[in-house]
Every structure is written in C-alpha cells, then in structure tokens.
1. With respect to F461, is the statement that it is touching a helix residue (DSSP H, G or I) at 6+ places or on another chain (Cβ under 8 Å), open to solvent by less than 70 Å² (accessible area, probe 1.4 Å) and modelled with pLDDT under 95 true?
2. For region 183-193, which residues satisfy the criterion of being more than 16 Å from R139 (Cα to Cα) and assigned to a loop (DSSP other than H, G, I, E, B)?
3. With the condition kept exactly as written, say whether any residue in region 437-454 is crowded, with 17+ Cβ neighbours inside 10 Å and touching a residue at least 24 places away in the same chain (Cβ under 8 Å).
4. Give me the residue from region 440-463 that is in a helix (DSSP H, G or I) and small (G, A, S) and, out of that set, farthest from the chain's Cα centre (by Cα).
5. In region 355-405, what residues are surrounded by fewer than 16 Cβ atoms within 10 Å (Cβ to Cβ), in a helix (DSSP H, G or I) and of a type in the set (G, A, S)?
6. For region 317-354, name all the residues that are open to solvent by 60 Å² or more (accessible area, probe 1.4 Å) and assigned to a loop (DSSP other than H, G, I, E, B).
7. Sort out which residues of region 3-56 are surrounded by 14 or more Cβ atoms within 10 Å (Cβ to Cβ) and in contact with a Gly (Cβ under 7 Å, 6 or more places away or on another chain), and write them in order of number.
Amino acid sequence: MPASLESLDALLARQRAAFLADPHPEPAARRDRLERLLRLTDRHEATFIQAIDADFGGRSTHETRLAELLVVRAGIRHALRHLRRWMRVRRMPTAPYFRPGRNRLMPQPLGVVGIIAPWNYPFQLSIGPAVAALAAGNRVLVKPSELAPRFAAALQEAVAADFAPDELAVVQGGAELADAFARLPLDHLFFTGSPAVGRLVARAAAERLTPLTLELGGKSPAILAPDCDLADAARRIAFGKLLNAGQTCVAPDYLLVPAGRAGAVADALAAAIGHLYPGLPATPDYSAIIDERHHARLAALVEDARAQGARILQPGWPQRTDDAARRKFPPTLVLNPPPEARLMREEIFGPILPILEYRDPQEAIGHINAGDRPLALYWFGRDAGLRDHALRSTHAGGVCVNDCLWQLAQEAQPFGGVGMSGFGAYHGRWGFDRFSHLKPVFFQSRLGGAPLLHPPYGRAFDALLSLLKKIA
C-alpha cells in the first residue's frame with residue numbers, strides 16, 4: 001500500500017523513538033533481526049521470484065535465485081558469523097607520551113538508516129544494505145523502486161509479518177514519496193541508482209546534511225589484452241553482460257580489444273551467446289527489459305550507432321519475434337562505434353556491447369582515464385606486469401581479473417564506487433562500519449603527565465614542550 005507523506009514522517013518518528021530507547025542493541029537482539037531476515041528470505045523465496053518475474057515481464061528464475069537471493073543469504077550468514085567481533089571495542093595504538101592512557105574505538109549505531117533501492121535487483125539492493133544496517137544496530141526504512149511494484153508490495157507484506165515497524169519497515173510510493181524520503185532527517189541515507197538520480201538524491205539529502213552513500217554506475221570497461229584466452233574471455237563477458245539482460249550496474253559496458261581483433265572478438269561472443277542462450281528469444285533464461293520506456297531507449301541507442309556507421313550484429317536473434325518476447329531486447333554487438341554515438345556517452349544498462357579497438361594497452365588506459373571513473377573494470381589476460389600496470393594506472397570502484405561481476409559477491413572485500421560511480425562502500429565489515437559511528441575514546445590515566453602542561457606556564461612547561469617536540 002503506498003505511503004502518504006504524513007505516514008512516512010510518523011514512521012520515522014516511531015523508529016527514532018525506538019532507537020533512543022535502545023541506542024546500542026546487544027548482540028542477541030541484532031542476531032535475532034538477522035536470523036528473522038534470513039527466515040523471511042527462505043520463506044518468501046517463491047513469492048519474490050514470481051513478483052520480480054511479473055514486474056519484468058519475464059525475469060529468469062535462476063538469475064533471481066543466483067544474483068539476489070543467494071547473494072543476500074551469503075551476506076546475512078557472513079554477518080552472523082562475524083557480528084560479535086565487529087561489535088567489539090577496538091584497541092588502537094597510543095603515542096608513548098600519552099601513556100599510560102589508552103585509545104579505543106567504539107562502534108556505535110547511527111540511528112535510523114534510509115535505503116532507496118532500484119528496480120534492477122530489487123531484493124538484493126533493498127535487503128543487502130539493510131543487512132549491514134541491522135547488524136550495526138540501526139533501525140531501517142526501505143523505499144523500493146516504483147518500477148517494480150509487485151515486488152515492493154510483496155516485500156512490504158513479508159517484512160510487516162516478521163518485523164515491528166520500529167525495527168525494519170518498507171514504504172511504497174512514486175517519485176513524490178522518493179523525494180520526500182530523501183529529505184527526511186535520517187542518520188544515514190543509502191541510494192543505489194543512476195548518476196542522474198543520484199545527483200537529485202544528494203541535493204535533497206544536503207538540505208539536512210544527511211550522511212550519504214551513493215552506489216551508482218557508469219561505463220564499466222573490459223580490456224582484452226593481446227594474450228588473453230579469447231574463447232574463455234568471450235564466454236565470461238557474455239555471461240556478465242547478459243545477466244539480467246545487461247540491467248546490472250557492474251555489467252561490462254564496452255570492450256577494448258587489440259587492433260584488428262574486433263571481428264574475431266565478435267565471432268567469439270556470438271558463439272558464447274549461442275551456447276548460453278540457445279533458442280532466443282523464447283528461452284526463459286534470458287530476461288526481459290523492465291518496461292517499454294527502457295526498451296525504446298535501448299533501441300534508440302542502437303539506431304543512433306547504426307546511423308553513424310557502426311556495424312551492428314544481433315547473434316542468435318530471429319528477424320521476427322512474437323508478442324510474447326516484445327519486452328526482450330536482442331543481444332547486440334556494436335563494432336567500432338564513433339565516440340559521438342550516444343551509447344559511447346551514456347551508460348547502456350542493457351544487452352548492447354560496443355567493441356572498440358586499441359593500438360596498444362596504453363591507448364586503452366588513456367581511453368578509460370578520459371572518461372568518468374567507472375564502478376567496475378575487467379581485465380582479461382595472462383601478463384601480470386601489463387595487468388598490474390593497468391590496475392595502477394586506472395581508477396574503478398572494483399576490479400575483476402579474467403571474469404566479470406564476481407567482485408560484487410566478495411563479503412570479505414568492500415563494494416562501492418569512486419568519483420562519478422559513487423562514494424562509500426559496504427558488504428561485510430565495511431557495511432557494518434558504513435552504518436556505524438566509529439567513536440574514538442581516550443581513557444586518561446591518573447598517572448598521565450597532562451597536568452604538567454597546565455598553567456601557570458613556566459620553565460617546567462618549556463622543558464616538557466621541548467621534549468615533546470623531539471619525540472612527537
């Protein structure tokens with residue numbers, strides 16, 4: 001049921017009051033919330049899969065199980081295993097001249113965390129950040145995307161059955177509610193979406209100086225080094241690009257391949273696509289585009305590139321398709337599009353893959369550095385020296401070597417953007433810390449020498465200060 005602006009304010013007030021009544025939940029309370037979230041995921045799996053499938057007009061059941069439910073389960077279990085260690089007050093070094101005083105770092109919940117989730121992975125990107133926020137001891141409000149309304153309703157119902165509204169709550173609504181949500185006096189706001197919408201969210205949050213994490217996207221490149229295993233790279237790139245029909249923030253957005261190899265790379269990708277998705281477009285393993293507007297946008301990108309002279313290939317796609325496949329978009333390879341083409345200036349977010357040629361690896365690096373910093377970078381090749389040079393010379397939120405996407409699933413590593421692809425990281429310990437205030441505490445000792453620096457000042461002060469200058 002869509003929320004009103006008044007009910008949104010009331011819900012926030014209820015969560016804040018509950019947090020103030022219990023500002024530092026014990027490990028048992030946090031574990032209970034995480035375990036309920038895990039049971040919710042298991043119990044409502046079929047409902048979530050069906051709702052997401054209906055919202056997409058055809059979403060692969062297996063992709064939802066792999067990229068959403070499995071990822072969330074792994075995050076919850078990882079948090080349960082490590083929660084007590086994350087919560088401990090951390091011993092920090094203390095400079096010799098402050099001893100026997102001691103430094104400690106105390107992880108403290110922030111309060112009420114708001115999460116604005118996108119439509120492309122609606123369960124993972126609603127609940128994944130919530131796992132970290134609950135582990136850190138916060139109350140959580142989630143606003144799913146209005147472009148996935150069936151899922152939003154299913155999630156709201158499931159959460160309401162297992163959580164008190166002052167623990168974890170889901171609100172539904174359109175753009176007006178999303179704008180009001182971003183303007184709430186939250187203790188932290190977490191947004192996943194496009195850079196364009198991210199700017200609006202950041203502007204709204206800035207009115208209250210709300211701390212913000214932005215997980216955005218961008219044009220994530222894949223570099224094929226001259227010595228890469230082309231058949232293996234093509235299979236992995238095709239999987240990474242076509243999972244969820246390319247509607248993935250870390251999908252490879254374009255390929256950089258050695259000069260003269262674009263045709264061979266396209267042939268290898270066509271073979272890989274045929275192997276992964278036989279019987280296009282009917283195969284249920286190949287997902288649809290979320291709505292007609294996004295489908296039309298993708299078609300316009302291809303036609304713009306075609307009009308500017310790029311070669312267009314759509315391997316495995318029949319000339320004519322029936323109405324049942326009208327929201328599916330063909331896997332599309334675009335060979336050597338000009339830099340002015342829209343698909344080289346905009347994040348594609350669909351199953352379209354431009355293939356560009358470079359004369360030497362430094363040219364490929366220069367191409368990447370000429371644009372905004374992407375959320376992901378992919379390197380395929382065996383030369384470790386060349387690989388490390390590329391990693392040192394470019395910026396990206398994360399990197400996967402000789403594969404695609406899997407950097408996102410590492411709970412022992414942070415996930416986040418850099419520059420225009422976002423700021424702030426989460427997953428695992430980094431998510432816990434993202435939604436905590438790591439409060440530094442200095443414990444003074446009765447034997448400490450600080451009183452020697454009190455006035456009235458004189459020779460003893462000068463002598464002590466001179467000594468501190470030497471040892472500091």
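The values are calculated or read from the model by the stated rules, or taken from the named source; none is laboratory data. From a predicted model like this one, the values you see are computed outputs, not experimental measurements. Every residue, glycine as well, gets a Cβ built from its backbone with ideal geometry; the counts of neighbours run over all protein chains shown. Just so you know, the surface numbers come from the protein's heavy atoms only, side chains and all, with ligands and any DNA or RNA stripped out. Shrake-Rupley method; radii C 1.70, N 1.55, O 1.52, S 1.80 Å.
1. Against the criterion (touching a helix residue (DSSP H, G or I) at 6+ places or on another chain (Cβ under 8 Å), open to solvent by less than 70 Å² (accessible area, probe 1.4 Å) and modelled with pLDDT under 95), F461 qualifies.
2. R183, G193
3. Kept after step one, since they are crowded, with 17+ Cβ neighbours inside 10 Å, are these residues of region 437-454: none.
Among the residues of region 437-454, not one is crowded, with 17+ Cβ neighbours inside 10 Å and touching a residue at least 24 places away in the same chain (Cβ under 8 Å), which makes the answer no.
4. Taking region 440-463 as the starting set, the residues that turn out to be in a helix (DSSP H, G or I) are 450-453, 459-463.
From what's left, small (G, A, S): 450, 460, 463.
On the way: A450: 46, A460: 56, A463: 54 Å.
Per the criteria, the residue is A460.
5. G366, A384, G385, S393
6. Q319, R320, T321, D322, R326, N336, P339, E340, R345
7. A3, R16, F19, P25, R30
Yes/no per residue for (1) hydrophobic (A, V, I, L, M, F, W, C); (2) within 29 Å of the chain's Cα centre (by Cα); (3) assigned to a loop (DSSP other than H, G, I, E, B):
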site	(1), (2), (3)
R235	no, yes, no
A238	yes, yes, no
D285	no, yes, yes
I289	yes, yes, yes
